[in-house]
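First the structure, in the form of structure tokens, and then the observations on it.
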Amino acid sequence: MTVSLVTGAAGFIGYHLAKHLSEDPTATVICVDNFIRGERDNLYEDLTGRPNVIEYSIDLTKPDQLVKLPDNIELIYHLAALNGTQNFYERPYEVMKCSTLPIFYLLDRYRDSPSLKRFIYASTSEVYASTVRKFKWVIPTTENVPLSIEDPCNPRWSYGASKLHGEVLINSAHQSFNIPYSIIRYHNIYGPRMGDKHVIPDFAIRIKKGIFELYGHSDTRSFLYIDDAVKATVLCAHLEDTKNEIINIGGSLEISILDLAKKMMEISGLSGDMKLYPSPNGSVSRRVPSVEKLEKLVGFKESVSLEEGLKRTLDYYLK
């Protein structure tokens, strides 16, 4: 029996991760969210209604609320953050607050816990953005590249800088309190129930309305379906070889946003003349992770193709 705490459980990755963990009847899953972005929809209600799932609706930016959480946590999956590219530009202060304070308070709450086996921290490919763009670093990007912040005045860095801060804080907690960790840098995870403010759901919602507008059409990305991302995350949380390591989780197929959009239109059966616009200021033109470390330490291989993943995602958004 494993007791896992999933923060941001009403969000995209958090929900799918908590759902996967709860499918083991011997496991106890603690779901935490304050719904600043996550949804209390029917799917989340079904999840938190399972007999081995316990829900806490608390705000992790307020340290006095963390005392409500149980002591006997073995695995902490810290996914709570205010994500979404539009939020980076429109709500940068809230992005910073929601992505920095909770990690301090969680570490203080559990740093002396004898039951804690691993702190799994959800970082992001955004931490690579400046190094790749400013210094033309080699792509696919490996975990050991130097990290930098190109322009602290650009609100887009509200998210990437806060996640970079979290990585440094996790390592500091490990040095000071010997907290075992795994830092996961997610790269463009997608799938059903990912909300909006991301390229795939944004474009799906537009074409459903007959609006064929595409932003950042010449940029390239690699995408990984949510089921594969969850499997890789759980493996990283349990294996000894991934303890105190930073690991990319993402897909290996690089595709332009324009070609991605064309695939989505082909799969959906929708057609129209696309209007193409540049990407927002600060966006990187290429983003592809090296997944060699993930494959070596975890033995992970993608099982859901981009075409199949897009079909499942479009079935959710278009219906």
message: Which numbered condition in (1) under 11 Å from GLY282 (Cα atoms); (2) surrounded by fewer than 16 Cβ atoms within 10 Å (Cβ to Cβ); (3) among the aliphatic types (A, V, I, L, M) is the only one that ALA129 fails?
response: (2)
statement: Condition set of a type in the set (D, E, K, R) and out of contact with any Asp or Glu (no Cβ under 7 Å at 6 or more places or on another chain), scope the stretch 192-212, selection surrounded by the most Cβ atoms within 10 Å (Cβ to Cβ): answer is ARG193
The listed residue being under 25 Å from GLY14 (Cβ atoms), buried (at least 16 other Cβ atoms within 10 Å of the Cβ) and not acidic (Asp, Glu), out of GLY250, GLY282: GLY250
task: Filter the stretch 267-319 down to residues that are closer than 17 Å to TYR190 by Cβ and assigned to a helix (DSSP H, G or I), then give me how many there are.
output: 15
task: Report those helices (runs of 4 or more DSSP H) wholly inside the stretch 80-141 carrying at least 2 residues which are within 15 Å of the chain's Cα centre (by Cα).
output: 85-90, 92-110
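Considering only the stretch 1-59, how many residues are part of a loop (DSSP other than H, G, I, E, B) and buried (at least 24 other Cβ atoms within 10 Å of the Cβ)? Steps first, answer last, please.
Applying the first criterion (part of a loop (DSSP other than H, G, I, E, B)) to the stretch 1-59 yields 1-2, 8-11, 23-27, 33-41, 49-52, 57-59.
The next check asks that each one be buried (at least 24 other Cβ atoms within 10 Å of the Cβ); those that pass are 8-11, 33.
The total comes to 5.
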The stretch 12-38 residues that are touching a residue at least 24 places away in the same chain (Cβ under 8 Å), paired with ones that are surrounded by fewer than 21 Cβ atoms within 10 Å (Cβ to Cβ) and among the aromatic types (Phe, Trp, Tyr) (beta carbon under 8 Å, 6 or more apart): ILE30/TYR56; CYS31/TYR56; VAL32/TYR56
- prompt: Counting only residues that are touching a strand residue (DSSP E or B) at 6+ places or on another chain (Cβ under 9 Å) and farther than 20 Å from ILE103 by Cα, which one in the stretch 134-179 is surrounded by the fewest Cβ atoms within 10 Å (Cβ to Cβ)?
  reply: ASN144
task: Say whether the condition of being in contact (Cβ under 8 Å) with a residue 24 or more places away in the chain, more than 30 Å from ILE179 (Cβ to Cβ), surrounded by 17 or more Cβ atoms within 10 Å (Cβ to Cβ) and in contact with a Ser or Thr (Cβ under 6 Å, 6 or more places away or on another chain) is met by at least one residue in the stretch 304-316.
output: yes
task: Could you tell me which numbered condition TYR215 fails, if it satisfies all but one of (1) surrounded by fewer than 20 Cβ atoms within 10 Å (Cβ to Cβ); (2) modelled with pLDDT of 95 or more; (3) in contact with a Ser or Thr (Cβ under 9 Å, 6 or more places away or on another chain); (4) among the hydroxyl-bearing types (Ser, Thr, Tyr)?
output: (2)
Single residue of the stretch 277-297 satisfying the filter (over 18 Å from the mean Cα position of the chain (by Cα) and at pLDDT 95 or above) that is nearest to ILE139 (Cα to Cα): GLU292
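The values are calculated or read from the model by the stated rules, or taken from the named source; none is laboratory data. What you are looking at is a predicted structure, and each value in this text was computed from that prediction instead of being measured. Heads up, the Cβs are rebuilt from the backbone with ideal geometry, glycines too, and the neighbour counts pull from every protein chain shown.
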